[in-house]
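Heads up, the thing below is written out as C-alpha cells.
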Amino acid sequence: MDRPVATVSGEQRENSPLLDANTTRRAVISAVNGPVITVRGDGFAMAETVLIGGLPGEVIALKPGRATVQLYESPTGLRPGDPVEKTGLPMSVSMRPGIIGGIFDGIMRDLRGKEKIAFDTKILVREGDVLNEGDVFATVRETEFFTYRAMVPPGVSGVVTWAAPNGEYSASQKICTITQHAPKNLTLSQTWPIRTPRPVKTKLSASAPLITGQRVIDSLFPIAKGGTCAIPGGFGTGKTSLQHQIAKHCDADVIIYIGCGERGNEMTEVLHSFTRLRDPKNGAPLLERTVLIANTSDMPVAAREASIYTGITLAEFFRDMGYHVAVMADSTSRWAEALRELSGRLEEIPAEEGYPAYLAARLAAFYSRAGYVENLGGTSGSITIIGAVSPQGGDFSEPVTLHTKRFTRCFWALDSRLAHSRHFPAIDPLQSYSDYTPRLDEWYAQEIHEDFPAYRAKILQILHREHAIIEVIKLAGHDALSDDELQILQTAREIRENFTAQNAAVDPFCSPERQFEIMKKMVV
C-alpha cells in the first residue's frame, strides 16, 4: 500500500502568517537520528509542519540556521542533502464528516483506505443571516443517532452573502460565504492545531456523573461528566478491559479511543468488538459513536507522541457541537515513553527515570483540556478523560503515575492480587478515591434516591473496617474478634463478591437504580 503523503492546500499557504521571504531559501537535511531530523536552513517556526521527502514532520527545536524536526514516519531512505519543504502551518487535523466510526493513525490519516467523498447536507442559513463564531450553518446526518454539525470557526463572524441549496457536497466544497471586513468561504471541514485548545465561552461546574454501569465506579468512586480519571495498574490487571467496558456502556454521546503504543491485537479486538456489539442506549452498532486513534507499538514513535493531542482535538470539536465526549487514553505511560525517547535523541538533560523535565507540564496540559463547558455557539458539552497508566511492576510511585495523580481528580487503582483472583474490575477500594463524590451526591440524591450517598458511605466504611480487622487477625487470630467484627467480615465479603465484582459476560451493565437496590440489601 502506498504511504500516505501530507499535503497543504493553496488557501492554507496563502493565509499563513508564518510564510515570509525567508521561506524561499532552500532547506536541506543535515543529519538523521531516527525520527529526529536536523535541518539546515532559515525561516522555520516552532511547531511548524514540514515535509521531508513527502513525509510529515514537526519543528520541535530551533537554532540560528538550524531546525530540529520530529518525523511522523520511518526515516528509512532519507539522507543528508535531501530537500525540506516548509508549510508555515502548525501540526493540525482536519475535522469533517465521516470521522465517526473511523480508525485513524496518530496524525489523523485514515487507516481504512477508504473515505466518503460527498455528504447529504442540510443548509441551515440563507442570505442576510448573521453568523457568529460557533454557530451551526449546516448539518450532515451521518447515522440514525449522530448528526455532524458544521460550525463557524472561532474568531470568524459576519453576514451571509451567499448560501448553497441543500444537496450533496464534499468536505472541502464551499457551503456559504459570510462577509464582515472581507468575504470568508465556509466548508463542512475545519482545521485546527492539535496542541492548541479550542476556545470556549465559559467552563461550567461538573454536576452530573458519567454513568458507566460498573457498580464499583458509579456507586463508590464516581466520575463527573467533564472530569478526569487515572487507571493505574500493573500488567494483567485489566486496564484495557475496564476502558473497553466503559467505552461500550457509558452514557457519553461520542467515544474517542486512543490506542497509544498498545499491542496491535488489542486495537484489532476493539475494532471487531465495537462493530459487533450494540449500543445499549439505541441498539445501533457501538462503532457508530466511536472514533479509534490507533498508534500501536510498532508504529513511529513521533506519531505516538502526537496521538493523544489528535484525540483530544477531535474530542473538543465534537464537544463544540454540543455532545458529551469520553476520551479513553490507553496508555499515557506509552505516550510518556515516546516523549522520553524523543527527548533522549534531542540530548536533553533527563529528570526522574530518564523522563524529560517537562513531563509534568505536558500531562497537565493534556488533562486540563477536559471539562464541562458552554460552547461559543451557546450549547453545552463536555470532555471526560480516562487515562490508563502502566507503571512497571505496579509501582505507583514512578513519575508518570505520580504526576498523573496530581492532575486527575479520580483514581481507580487496580490491584494485581484482585486480578489474579479473577475479581474484575480489580479496583482496590482502599487505594482508590474520587474527589467528585461531594458534588455528585446531590445528583444521586435527587435522581436516584435520597439515601444513596449514605449507603455509599456505609459500604466504604465496611470495606475499610474489614482491612483493619484483617490486621488484627494477623496479630491475634480469629479468636480475638467480637461478634460485630465477624459480622463485618461476612458483610464485606458479600460486598466484594456480589457488588464490587462484576462479570462482563453476564452482568456488563448495572443501572444506578439497581445499584442502589443491591446496596440496600447488603447494608442494614
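The values are calculated or read from the model by the stated rules, or taken from the named source; none is laboratory data. Keep in mind that what you see is a predicted model, and the values were worked out from it rather than measured. Quick reminder, even Gly has a Cβ in these numbers, built from the backbone with ideal geometry, and neighbours come from all protein chains shown. Protein only, heavy atoms only, side chains kept; ligands, DNA and RNA dropped before computing areas. Shrake-Rupley method; radii C 1.70, N 1.55, O 1.52, S 1.80 Å.
The number of residues in segment 174-214 being assigned to a strand (DSSP E or B), over 17 Å from the mean Cα position of the chain (by Cα), of a type in the set (A, V, I, L, M, F, W, C) and within 25 Å of Phe119 (Cα to Cα) comes to 3.
Condition check ((1) acidic (Asp, Glu); (2) closer than 21 Å to Asp320 by Cβ) across all residues:
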site: Glu133; (1), (2): yes, yes
site: Thr139; (1), (2): no, yes
site: Val159; (1), (2): no, no
site: Gly167; (1), (2): no, no
site: Ala171; (1), (2): no, yes
site: Thr187; (1), (2): no, yes
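If the condition is being more than 15 Å from the chain's Cα centre (by Cα) and on the phi > 0 side of the Ramachandran plot, then segment 355-399 contributes Gly378, Gly393, Gly394. Checking the structure you have, find out if any residue of segment 311-319 is in contact (Cβ under 8 Å) with a residue 60 or more places away in the chain and charged (D, E, K, R). Among the residues of segment 311-319, at least one is in contact (Cβ under 8 Å) with a residue 60 or more places away in the chain and charged (D, E, K, R), which makes the answer yes. I'm checking my understanding of the structure. Among residues of segment 402-447 that are of a type in the set (S, T, N, Q) and more than 24 Å from Ala370 (Cα to Cα), which one is least open to solvent (accessible area, probe 1.4 Å)? The extreme case among them is Ser416.
Looking across segment 158-173 at every residue that is among the aliphatic types (A, V, I, L, M) and in a strand (DSSP E or B), the one that is most open to solvent (accessible area, probe 1.4 Å) is identified as Val159. Considering segment 501-524, and only residues there that are β-branched (Val, Ile, Thr) and free of Cβ contacts under 8 Å to residues at least 12 places away in the same chain, the residue that is farthest from Asp251 (Cα to Cα) turns out to be Val524.
If we only count strands (runs of 3 or more DSSP E) wholly inside segment 95-154, which ones have 3 or more residues that are of a type outside the set (S, T, N, Q) and within 27 Å of the chain's Cα centre (by Cα)?
The strands (runs of 3 or more DSSP E) meeting that bar are 136-141, 147-151.
Identify, from the list Ala247, Ala303, the residue that is under 23 Å from Leu71 (Cα atoms) and under 16 Å from the mean Cα position of the chain (by Cα).
Among Ala247, Ala303, only Ala303 is under 23 Å from Leu71 (Cα atoms) and under 16 Å from the mean Cα position of the chain (by Cα).
Of the residues in segment 429-443, not one is closer than 30 Å to Val152 by Cβ and of a type in the set (A, V, I, L, M, F, W, C). Note on segment 215-264: among residues that are in contact with a helix residue (DSSP H, G or I) (Cβ under 7 Å, 6 or more places away or on another chain), of a type in the set (D, E, K, R) and outside any loop (DSSP other than H, G, I, E, B), the one that is most open to solvent (accessible area, probe 1.4 Å) is Lys248. Against the conditions (1) in contact (Cβ under 8 Å) with a residue 40 or more places away in the chain; (2) on the phi < 0 side of the Ramachandran plot, Gly134 satisfies every one except (2).
Among the residues making up segment 43-78, a single one is surrounded by fewer than 16 Cβ atoms within 10 Å (Cβ to Cβ) and closer than 16 Å to Arg26 by Cβ: Gly65.
Take Asn132 and decide whether it is modelled with pLDDT of 95 or more and either under 18 Å from Leu376 (Cβ atoms) or among the charged types (D, E, K, R) (or both). Yes, satisfied. Restricting the search to strands (runs of 3 or more DSSP E) fully inside segment 320-403 and requiring at least 3 residues that are among the small types (Gly, Ala, Ser) gives 380-389.
Per the listing Ala338, Ala364, Ala360, Ala370, the residue uniquely open to solvent by less than 50 Å² (accessible area, probe 1.4 Å), in contact with a strand residue (DSSP E or B) (Cβ under 6 Å, 6 or more places away or on another chain) and in contact (Cβ under 8 Å) with a residue 12 or more places away in the chain is Ala370. Looking at Ala303, Ala294, just one residue is at pLDDT 85 or above, open to solvent by less than 10 Å² (accessible area, probe 1.4 Å), in contact with a strand residue (DSSP E or B) (Cβ under 7 Å, 6 or more places away or on another chain) and in a strand (DSSP E or B), and that residue is Ala294.
Can you pull out the residues in segment 186-217 that are touching a Cys at 6+ places or on another chain (Cβ under 8 Å) and closer than 28 Å to Asp279 by Cβ?
Residues of segment 186-217 touching a Cys at 6+ places or on another chain (Cβ under 8 Å): 186, 210-215.
Within segment 186-217, Leu210, Ile211, Thr212, Gly213, Gln214, Arg215 qualify.
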